[in-house]
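Here is the structure we will look at.
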Amino acid sequence: MMLCAASSAFAQTTTAKLAAEWERAKVYTKEYLDAMPEDGYALKPTPEIRSFAQQMGHLADANYAFISSATGTKKPSDASVEKMADQSKAAISKATLESYDFIIAALKGMTDTDLAKDVKVFGMDMKMGTAFEKAFEHQTHHRGQTTVYIRLKGATPPKEKLF
């Protein structure tokens, strides 16, 4: 019995594994969005860099850009999350988490064969799976940057969520 359970775990498709990783990343990002107090969304550690809300908006915009470019799926809106007029906690949280839903839905509609397709993203040739990996790296980078913002606001950032 144990061998059968283990075998079925290994049989999980690559797209299913990627979708699970993006679902974990969404939960983790939500913890960051929740950790920052409402009045911290406008916080800019220095004048020349993005506010917390803009960082999260940039993360969302890039999620859409990477995946819509790689898959050919049009994003739900042409508007930039980073540049939305409403930079409130509720608006930014909703828009950011919806960008994760866009990626997860794309993965759930794909096969492993799709990940091996040649695509062009930001003028560069790559495999579709690589585009998903680069998008994941990008969102991790920007989410991580916001740890400092949360600490500067006197709040506690979420604990690491590797699993």
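Each value in this text was obtained by applying a stated rule to the coordinates, not by laboratory testing. Fair warning: this is a prediction, and the values are worked out from it, not measured in the lab. Quick reminder, even Gly has a Cβ in these numbers, built from the backbone with ideal geometry, and neighbours come from all protein chains shown.
Would you list, by chain and number, the aspartates and glutamates whose Cα falls below 16 Å from the Cα of Lys75, excluding same-chain residues fewer than 8 positions away?
Candidates past the 8-residue exclusion: Asp61, Glu98, Asp101.
Using the structure shown, select from Lys17/Lys134; Lys44/Lys74; Lys74/Lys153; Lys94/Lys117; Lys117/Lys161; Lys108/Lys134 the pairs with a Cα to Cα distance greater than 25 angstrom.
Details: Lys17/Lys134 16 Å; Lys44/Lys74 31 Å; Lys74/Lys153 36 Å; Lys94/Lys117 31 Å; Lys117/Lys161 30 Å; Lys108/Lys134 18 Å.
Check vs 25 Å cut-off fails for Lys44/Lys74; Lys74/Lys153; Lys94/Lys117; Lys117/Lys161.
I'd like the distance between the alpha-carbon centres of region 119-163 and region 74-102, rounded to an integer number of Å.
First find each Cα centre; the distance between them is then 16 Å.
Rounding to the nearest 20 debye, state how big the charge dipole of the chain is about its Cα centre with +1 on each Lys and Arg Cβ and -1 on each Asp and Glu Cβ. Before the final figure, lay out each step's value.
Numbers: 21 positive and 20 negative charges, 33 e Å.
In debye, rounded to 20, the chain gives about 160.
According to the square roots a ≥ b ≥ c of the eigenvalues of the Cα gyration tensor, what is the shape class of the chain, taking rounded for a/c under 1.5, prolate for a/b larger than b/c otherwise, and oblate for the remainder? Each step should come with its number before you reach the end.
Numbers: a/c = 2.42, a/b = 1.47, b/c = 1.64.
Oblate is the answer for the chain, as a/c is 1.5 or above yet b/c matches or exceeds a/b.
Please sort by residue number the chymotrypsin sites (Phe, Trp or Tyr not before Pro) in region 70-159 whose DSSP state is loop and whose Cβ has at most 14 other Cβ atoms within 10 Å.
Numbers: sites: Tyr100, Phe102, Phe122, Phe132, Phe136, Tyr149; in loops: Phe122.
Qualifying residues, ordered by number: Phe122.
Multiplying the sequence separation of Asp118 and Ala16 by 0.36 nm and subtracting their Cα-Cα distance, what value in nm do you get?
Details: separation 102, 0.36 × 102 = 36.72 nm, distance 2.00 nm.
Going from the current span to full extension adds 34.7 nm.
Using θ = phi - 60° and the Karplus relation 6.51 cos²θ - 1.76 cosθ + 1.60, list the HN-Hα couplings for region 92-97 in order, rounded to whole Hz, with x at every Gly or Pro.
Calculated HN-Hα couplings, in order: 5, 4, 4, 5, 5, 5 Hz.
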